[in-house]
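In what follows, a single structure is set out as structure tokens and then discussed.
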Amino acid sequence: MSIEVTGVNKRYGDFVALEDINLTIPTGQLTALLGPSGGGKTTLLRVIAGLETPDSGSVVIEGNDATSLPVQKRNVGFVFQHYAAFKHLSVAKNVAFGLEIRKRPRAEIQAKVAELLELVHLSQFANRLPSQLSGGQRQRMALARALAIEPSVLLLDEPFGALDAKVRKELRDWLRRLHDEVHVTTVFVTHDQEEALEVADEIVVVNQGGIEQIGTPEQLYDEPANDFVMSFLGDVTTLGGALIRPHDVEVTPSPISEHSLEGTVSRVLRIGFEVRLTVLTDDGEVVTAELTRTHARALQLEEGVNVFVTPSPGAYTMPAPSPAA
Amino acid sequence: MAETRRAPRTPLTYVLRLVVIAYLCLLVAWPVVLVGWNAFHVPDVGFTTEAFAGIFSDPQMMHAIRLTCIAAVVATLINLVFGVSISLLLVRTEFPGKRILSALIDLPLSVSPIVVGLALVLVYGGRDGWFGPALESAGIQVIFSTPGIIMATAFVSLPLVIREVIPVLEEIGTEQEQAAASLGASSWQTFWRITLPGIKWAVVYGVVLTLARSLGEFGAVKVVSGNVLGQTRTATLAVEEKYLNFDQQGAYAVAFLLASVSVVCILIVFVLRARGARVR
């Protein structure tokens, strides 16, 4: 087991950032710490890196107790949301930094830097300054810089958070492929559930200083441990007093089972290929359903039409929390 | 960088420009130019460099200039080291009394230099200062001697490096330093390789300002130096002495020298900054 976090607590004044965190992150995997802003996921990452000191608890990295080790001695690669590029150094010098600190022979440094720049597709920019790169290029440079020291774990704090949507998506795919090549144990923080579901081998859902659930993307999506995880990982709606995903709601002109509820379409919203329906049932429940464009057209759905809504067979549902909770 | 939007030019724009230019000319440029003019121009004689020859052939005058240079350079070095460390302390750490310390640093700018001189005499005066007699018995004379002149100079120019460096330190933030630490750099290595290059231009600017201010210090030095000819008389004190003794030509010549050094300092910064901006 690569990283073991045991009983970690961290407070800032009255604010509890982390409360009794126990977490094991396996070697060689890509793990996402997923959660809303202010939930403690970045603090947890910084505790693992040694950039924050926990009030109590321990951090073990590759079998060595790192709790009292300063960040310099932990041999972790850390990538910051805003790149933290060394502005006065060229791209190559940025990547070489950790190796120069370690006083490696010059030829070895040059070879390693060339290899890493090749890996992150920045070879032709070796002599540029960071200010002459785009955001995505800067983040790739930061990643190469972190990988140069051959870290035992690679930690990324919202690595794509400052980039625009298209570059984000590209870099996300690229990170997944890079990880398949390099195989270093990687932990990244994100508040974007799509990013976590797409990239990670394992997801740790962090909320209000605690861990809600740990599992593979499939486990989390299909069998969420509680309503928070269910609603954080995707859209949810209520149907017959139960939480359900809108794409698991069947919309039909006539009832198809004893669970079918009658209602009227109150809103039709088209987003690209999908159509989002709001149905007001006769019991006064507001149900959201998602259908494809073709399906919706076949049913001739428009506002005011009478329909029946039914949970799809095999759909995952859980009891909706009472409004007071 | 975002494009700067300019207000449309109206007659008011030109009036404002005229007012600013007139103000700067009448208050700064014209008087300073006149000092230079009078240093070279003697009524009824015309242009001459006689006054400058007089300075360079007068050993006591040369001593005064040398003393000024020594005091200014040493005071600047002290304020460079002290200024950079206190800026780091104020920006990068939290401690009780930080705001008081921050306010205290501006004191030398707001207090009259003559008060600074008197205060130093009270503490380090050889006969009845608070700390002076003890130092004197150890063989160190502060007041009426070079150490006192350096201290007075350092005191009045203390905030200049700090006030240049602090905003830049705040702007560059701590992420680069944290990244360096995560790559294995010790705090000393992080300072030399990351922090110092980041604040380089602020430090250069602060040093030049400090040097310019130190060369021209008069009030505080006058009190602590004793103004002994050939020993503790600095260049600025010599200007006053010459002026009061009706050697106006000589006074203008020394004044011109002092002003030239300051102007050169500012020019150096101007060129360096322009180059720095191009690199960035």
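Tabulated data
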quantity: Sole residue being closer than 30 Å to B:W201 by Cβ and either over 18 Å from the mean Cα position of the chain (by Cα) or hydroxyl-bearing (S, T, Y) (or both), chosen from A:E100, A:E4, A:E52; calculated: A:E100
quantity: Check on B:R233, among the charged types (D, E, K, R), in contact with a helix residue (DSSP H, G or I) (Cβ under 8 Å, 6 or more places away or on another chain) and part of a helix (DSSP H, G or I); calculated: no
quantity: Residues being in contact with an Asp or Glu (Cβ under 8 Å, 6 or more places away or on another chain) and surrounded by 19 or more Cβ atoms within 10 Å (Cβ to Cβ) - total across the range A:94-123; calculated: 2
quantity: Residue count for the range A:97-145, restricted to those that are more than 19 Å from B:R193 (Cα to Cα) and among the charged types (D, E, K, R); calculated: 6
quantity: Counted residues, the range A:1-20 - those being in a strand (DSSP E or B) and within 17 Å of A:D65 (Cα to Cα); calculated: 7
quantity: Checking A:A84 against (1) touching a residue at least 40 places away in the same chain (Cβ under 8 Å); (2) more than 8 Å from chain B (Cβ to nearest Cβ); (3) closer than 16 Å to B:G184 by Cβ; (4) of a type in the set (A, V, I, L, M), the condition it does not meet; calculated: (2)
quantity: Test: A:V205 is on the phi < 0 side of the Ramachandran plot, assigned by TED's automatic domain parsing to the domain that holds A:N306 and assigned to a strand (DSSP E or B); calculated: no
quantity: Positions within the range A:44-81 being hydroxyl-bearing (S, T, Y) and within 14 Å of chain B (Cβ to nearest Cβ), in sequence order; calculated: A:T53
quantity: Answer residue from the range B:92-135, given it is among the β-branched types (V, I, T) and under 20 Å from B:L169 (Cα atoms) and is surrounded by the most Cβ atoms within 10 Å (Cβ to Cβ) among those; calculated: B:I105
quantity: Only listed residue being under 15 Å from the mean Cα position of the chain (by Cα) and closer than 30 Å to B:W188 by Cβ, chosen from B:L101, B:L77; calculated: B:L77
quantity: Selection status of A:Q132, free of Cβ contacts under 8 Å to residues at least 12 places away in the same chain, within 14 Å of chain B (Cβ to nearest Cβ) and within 30 Å of the chain's Cα centre (by Cα); calculated: yes
quantity: Residue that is within 22 Å of B:C265 (Cβ to Cβ) and away from chain A (no Cβ under 12 Å), where the choices are B:L160, B:L229, B:L244, B:L196; calculated: B:L160
quantity: Members of the range B:68-123 that are in contact with a Lys or Arg (Cβ under 8 Å, 6 or more places away or on another chain) and among the hydroxyl-bearing types (S, T, Y); calculated: none
quantity: Per-region count, the range B:169-188, residues in a helix (DSSP H, G or I) and either small (G, A, S) or within 12 Å of chain A (Cβ to nearest Cβ) (or both); calculated: 12
quantity: Hits in the range A:1-17 - residues which are among the aromatic types (F, W, Y) and either at pLDDT below 90 or not assigned by TED's automatic domain parsing to the domain that holds A:E52 (or both); calculated: none
quantity: Out of A:G136, A:G161, sole residue that is assigned by TED's automatic domain parsing to the domain that holds A:K41, part of a loop (DSSP other than H, G, I, E, B), in contact with a helix residue (DSSP H, G or I) (Cβ under 9 Å, 6 or more places away or on another chain) and modelled with pLDDT under 95; calculated: A:G161
quantity: So B:A253, is it within 14 Å of chain A (Cβ to nearest Cβ), in a helix (DSSP H, G or I) and not basic (K, R); calculated: no
quantity: Pick from the range A:19-63, criterion free of Cβ contacts under 8 Å to residues at least 60 places away in the same chain and more than 25 Å from A:H179 (Cα to Cα), ranking: surrounded by the most Cβ atoms within 10 Å (Cβ to Cβ); calculated: A:P54
quantity: Residue among A:A165, A:A126 that alone is surrounded by fewer than 23 Cβ atoms within 10 Å (Cβ to Cβ), away from chain B (no Cβ under 12 Å), touching a residue at least 12 places away in the same chain (Cβ under 8 Å) and of a type in the set (A, V, I, L, M); calculated: A:A126
quantity: Test: A:E302 is acidic (D, E) and either part of a strand (DSSP E or B) or modelled with pLDDT of 90 or more (or both); calculated: no
quantity: The range A:93-108 - residue that is more than 8 Å from chain B (Cβ to nearest Cβ) and touching a Lys or Arg at 6+ places or on another chain (Cβ under 9 Å) and, of those, farthest from A:A49 (Cα to Cα); calculated: A:R104
quantity: Elements of type helices (runs of 4 or more DSSP H) in the range B:34-139, at least 1 residues being polar (S, T, N, Q); calculated: B:50-57, B:59-92, B:98-105, B:107-110, B:132-137
quantity: Within the range A:279-325, tally of residues that are β-branched (V, I, T), surrounded by 17 or more Cβ atoms within 10 Å (Cβ to Cβ) and within 28 Å of the chain's Cα centre (by Cα); calculated: 3
quantity: Unique match (being over 19 Å from B:V115 (Cα atoms), assigned to a helix (DSSP H, G or I) and within 24 Å of the chain's Cα centre (by Cα)) among B:P147, B:P197; calculated: B:P197
quantity: Filter result for the condition that a residue is small (G, A, S), within 30 Å of B:V123 (Cβ to Cβ) and surrounded by fewer than 21 Cβ atoms within 10 Å (Cβ to Cβ), over B:G219, B:G173; calculated: B:G219
quantity: Top-ranked residue in the range A:66-113 [being aromatic (F, W, Y) and within 19 Å of A:A126 (Cβ to Cβ); ranked as modelled with the lowest pLDDT]; calculated: A:Y83
quantity: Residues of the range A:66-82 classified as of a type in the set (D, E, K, R) and under 16 Å from A:L45 (Cβ atoms), total; calculated: 1
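Conditions (1) part of a helix (DSSP H, G or I); (2) within 14 Å of another protein chain (Cβ to nearest Cβ); (3) over 15 Å from the mean Cα position of the chain (by Cα), marked per residue:
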| position | (1), (2), (3) |
| --- | --- |
| B:T190 | yes, yes, yes |
| B:Y205 | yes, no, no |
| B:V221 | yes, no, no |
| B:V239 | yes, no, yes |
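Quick grid of which residues meet (1) under 30 Å from A:M141 (Cβ atoms); (2) in contact with a Leu (Cβ under 9 Å, 6 or more places away or on another chain); (3) free of Cβ contacts under 8 Å to residues at least 40 places away in the same chain:
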residue: B:L90; (1), (2), (3): no, yes, no
residue: B:A119; (1), (2), (3): no, no, yes
residue: B:W130; (1), (2), (3): no, yes, yes
residue: B:V165; (1), (2), (3): yes, yes, no
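The values are calculated or read from the model by the stated rules, or taken from the named source; none is laboratory data. Everything numeric here is computed off the predicted structure, so don't read it as measured data. Quick reminder, even Gly has a Cβ in these numbers, built from the backbone with ideal geometry, and neighbours come from all protein chains shown.
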